[in-house]
């Protein structure tokens, strides 16, 4: 039986190696599909810990196993949602919606206009998932050195 526990913030969390392993596992399907490679390639458990100093980390545990995560960062107008991941066996159970609800609550409490995220241009299934969750495409951008769009920006405004 699943017993999910949500931790928002680095307090009470210390399994940075497990968090890194979750992200690597969940992002592995992108490897041959996206160009340039994911920024996760340069991240380590320690850089994930340091990221949590500046951003709110949301971790979802099933007993002691990390099954999902996301980082929330305040911008001038929105809360940016990044490094979202849900372990395959735990998808379609409302976990992503719950992480986004935590982000919504943070945004509302901080008087932000809504949520924002970026997804790679090649990952059209992600675009559809976020559209189904109320996000709309608001722009495109490209990584340094690329003359084509590599990301799309999506927002869900209140």
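The values are calculated or read from the model by the stated rules, or taken from the named source; none is laboratory data. Not measured: the values here are computed from a predicted model. Methodologically, a virtual Cβ is constructed for each residue, glycine included, from the backbone with ideal geometry; neighbour enumeration extends over all protein chains shown.
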inquiry  = Residues to consider are 80, 29; find the one that is farther than 13 Å from residue 6 by Cβ and in a strand (DSSP E or B).
reply    = 80
note = Of the conditions (1) part of a loop (DSSP other than H, G, I, E, B); (2) more than 30 Å from residue 147 (Cβ to Cβ); (3) modelled with pLDDT of 95 or more, the single one that residue 122 does not satisfy is (2)
key: Total residues in region 41-63, condition in contact (Cβ under 8 Å) with a residue 24 or more places away in the chain and either more than 25 Å from residue 114 (Cβ to Cβ) or part of a strand (DSSP E or B) (or both)   = 13
inquiry  = Among the residues in region 96-115, are any modelled with pLDDT under 95, exposed (fewer than 12 other Cβ atoms within 10 Å of the Cβ), closer than 23 Å to residue 19 by Cα and under 16 Å from the mean Cα position of the chain (by Cα)?
reply    = no
note = When every residue in region 51-80 that is surrounded by fewer than 15 Cβ atoms within 10 Å (Cβ to Cβ) and modelled with pLDDT of 95 or more is compared, the one farthest from residue 104 (Cα to Cα) is 76
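Against the condition on the phi < 0 side of the Ramachandran plot, surrounded by 13 or more Cβ atoms within 10 Å (Cβ to Cβ) and modelled with pLDDT under 95, how does residue 90 come out, does it pass?
So residue 90 fails the test.
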remark   = Conditions (1) over 28 Å from residue 49 (Cα atoms); (2) touching a residue at least 40 places away in the same chain (Cβ under 8 Å) -> residue 128 fails only (2)
